[in-house]
Structures are given as structure tokens and as C-alpha cells.
1. Explain nothing, just the number: relative contact order of the stretch 336-386, from Cα pairs under 8 Å at least 6 residues apart, as a whole percent.
2. Checking the cross-link filter: which lysines have an alpha carbon closer than 28 Å to that of LYS31, excluding same-chain neighbours under 8 positions apart?
3. Binning at 5 Å from 0, report for the stretch 377-448 what percent of all alpha-carbon pair distances ends up in each bin.
4. Can I get the semi-axes of the stretch 292-333's equivalent ellipsoid? Compute them from the C-alpha gyration tensor as square roots of 5 times the eigenvalues, in angstrom, largest first.
5. In cubic angstrom, how much convex hull volume per residue do the alpha carbon atoms of the stretch 88-225 span?
6. For the stretch 286-407, max minus min Cα coordinate along each principal axis, in Å, sorted largest first?
7. Go through LEU67, LEU226 and list them by solvent-accessible area, largest first, probe radius 1.4 Å.
8. Based on the alpha carbon coordinates of the stretch 213-252, what radius of gyration and maximum Cα-Cα distance (Dmax) apply, in Å?
Amino acid sequence: MTFVQVIEYETKDEDRVDRIMDQWLRLTQGKRTAHHSTMGKDRDKPSHFMQIVEFPSYEEAMRNSDLPETRQLADEMREACDGDPRFVNLEVTRDEVLDEDAMMSLMGRIVTDLGAVALAPSLVIGERLGLFASMADGRPRTSAEVAEASGCNERNVREWLSAMAASGYVALEADGRFRLTPEQVVAFCDTESPYYALGGFQSFSAAASLETRDKLQRSFRSGEGLGWDQHHPELFSGTARFFRPGYATFLVDAWLPAMEDTVERLRAGGRVADIGCGFGYSTLMMARAFPEAHCTGFDYHGPSIEAARRQAKQDGLTKHCDFEVAGSADFGGGPYDLITFFDCLHDMGDPVGALSHCRARLTEGGAVMVVEPHAEDDIADNMNPLSRAMYAASTVICVPASQAQPVGRALGAQAGEARTREVAAEAGFGRFRRASETPFNIVYELKS
């Protein structure tokens, strides 16, 4: 059975305690038996701290306590604290943790429903009115309690909760109350999680607006397309919010390290061009992770660039991160050590022209990183919930956007590796490889 040790202490020298803990972590690497630790500070009494340490069992906790490094830690902590730390040993009798299998099952339902527009407006309303947020602690509530917490009308909230429960997005208790499971809290309340889903529903609601549908119908008949800038503004912020959590999880820690010598170049002061950057979240993440580098985000959509500039100023990154209004085949600057396309190359009217322009602006040995939605080459292999959502998005957003530009190659959001490789070869790139992938994205590396 899992065993938890709670350590409560008072100190006015938080930095010293942090140094002691960091030293212990280094010295016990490979030896300590604790598998998770959480540190907390009392908001009402800043000198009051509590650490919660989880062990597989009581016996493993005792093994950890018997380590010489742990005994040294205890002595140093006594010196750094006001009085002796207080220890509470707990046998865990109930443990509700995030179930990864349940999480993936939920995501399957979410991706399936992203292809159906009907529920999207209610989900967006639920976020904006704080209905989900009022249930984020997971406690069961009546519709009246949710209505009171969010400042809404009970009858409307009751109908909303019923719709969410019928969709599997809120749990219905046997007594008629409603609650969010841990997985649902992550999907609908945790904006930093890669599983956060509400940005996608916001995007699809905007893409399905009456004004946009009329334009799309004309586009379907004429084949002349519908530009990104012709959509409802909600699409721009919704798309940025939809992709941001995945980039925050994988870009710096997984995708960039999978590229040949890219991280080393950025640490040495390299230059980055982020093409089709939108609100600039990907650009800002790279700038924040590599302060020695200079990152520039480019997008032809002026309002998105203005939003990116505001965010850069708010984040204090303007000294080595800037944003310019420019297209994929006419952006300036460089030469660049890294040029990136995040979920946007398939939206380009002339992806070959865009990549050719990039190749001419790379440093010797520089690379282009192309991040695309996960897809197989054969349509028969894409008959799954994720591809359903991506094909649906591509039908109303990606393909018309490409058709509205010169050439209108219209790769689509499910282009797959073969067609992406073909475009890269036409642009003159001699090296093409799949550098990394997740269940949602494939990362390609292009070099001359």
C-alpha cells in the first residue's frame, strides 16, 4: 500500500532550504525510494511550509530515512528551520489519481465530438461563464449550486449539465448531482495540459458560424477558397489556444532535441524564423527556452501579429523575440539556423515556394522543422477519431485557405509523410526525415 510522509516546518530562509533539498536530490540520485514529492507554502503565513512525500510502502520510506544523505538532510534542515520539523506518517486509504487509460478514452470521445458542431457552442459558453471552473474541485453539485457559483440561471444550467452528462463530459451521480472526474477536470479546466480541449471547440464554433458557412458554400462551388483572414475572429484565438498546450508539452523538451544540432545552435545565439506563427505561442516558447537566440515570428495576418507582440511585451521577451507581418514566401531577415512551420505548411497555397524561400534563407547546416497533424499516407489508414476531426477542420478551414492563395496546392491537414516529403524534394531539400512524433503530431526535419 502507498505510504505518505508529511513534513511540516517553519523557516525564514526558504532559499537555504531549497539548496539543501537540491543537494539531497543530487546525492541520492538512484538511491532514494520516494517516487513523488510536493512542496507547499502557506499563503496566509509565508514562513510555514509543508512537504508531502510519497513512497511505495512504509518499508521503502524507512529505507529512505536510513540513507546517510537523508540523516545529513535532517540535521541541516533543523539548523535552517525555526524549531524541529514535524513529521506525520500516513498509510494511504484512498488515492484518486489521474488514470492515463481513462484519460485516453476520454480524449477519444472528445476528438470524435470535435467533428460534430452541435455541442461546441455549449462547451464554449460553459467555459466563458465559469460553469466548468465552478466544478473544478471534483465535488458533486446540484444544478442550483453550479448556477449560484457561476452567477447563472438555474434552469439554463440544468439543461447545460444534462447535455454535458449525456455527452460523457460531466459525470452524473446516482443522487442526481453532477461532478467532474479527474480526467474531465484536466480536459476542461487545466489550460496548461496537452489534453485541454476547449480551444478546439471554440475554433469549430467559429468556423461553423452562419456568415462563414455562406462564404464556404460559395467556395465549394467555385473552388476559389476562403482566406484565413476571412473567418470569424474567434477562429484565430481558438486555434492558438487549441495548439498551445501540445506545443508547451513537447516543443522544447522533445521536438527540438530530436533535431540534429539545433539545440546547440540556439544556445550559441542562433536565429529562428517561425512561419505562420499566429498568436506567437510557439515563437515565445522557443524565445523563453533559448534566451541567447533571436526568434522572429512571421504571419500574413496582421491582427494575429499584433496579439503576438502584446504577449511578447507582457512576457518581457521583446529584446530577443519580435514579430513581423509577412507571408511564407516573402519574409525577410536571416540567415536562420532554424525555420519552423507549426501545423500550417498544409495551409500554404504554395508550400513548394514557401520551402524554397526558406532554403535560400538558411545558414550552412541550418534546418527547417515542419510540424504537421499525425496522418498516414493512405486515406484508408486514417479512418479514426483523430483523422475525423482533422478532415473536418481541413474541409472548412485548411483546404479553402490554401485555395484562396496563389497556386492553391491544398495539401490538407491529413497530407501524410509521402506528400510532405514530395513537397520538400520539389523545393530542393536533399535530406528529409521524421524526427519525432506524438499521437497528434509528426515532426519532420528538412536540410539541403
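The values are calculated or read from the model by the stated rules, or taken from the named source; none is laboratory data. All values reported here derive from a predicted model rather than from experimental measurement. As a convention, Cβ positions derive from the backbone with ideal geometry for all residues, glycine included, and neighbour counts pool all protein chains shown. Please note that ligands, DNA and RNA were not included when accessible areas were found on the heavy atoms of the full protein model with its side chains. Shrake-Rupley method; radii C 1.70, N 1.55, O 1.52, S 1.80 Å.
1. Details: 46 pairs, mean separation 25.1, N = 51.
Relative contact order of the stretch 336-386: 49 percent.
2. Leaving aside lysines fewer than 8 places away in the same chain, those within reach of LYS31 are LYS41.
3. That works out to 3, 14, 21, 24, 21, 13, 3, 0, in percent per bin.
4. Working: eigenvalues 65, 37, 4 Å².
Result for the stretch 292-333: semi-axes of 18, 14, 5 Å.
5. Working: hull volume 20.8 nm³, N = 138.
Spelled out: Cα convex hull of the stretch 88-225, divided by residues, is 151 Å³.
6. Its Cα atoms span 47, 33, 27 Å along the three principal axes.
7. Values: LEU67 30, LEU226 5 Å².
Sorted descending by solvent-accessible area, the residues read LEU67, LEU226.
8. For the stretch 213-252, the Cα radius of gyration and maximum Cα-Cα distance read 14.4, 42 Å.
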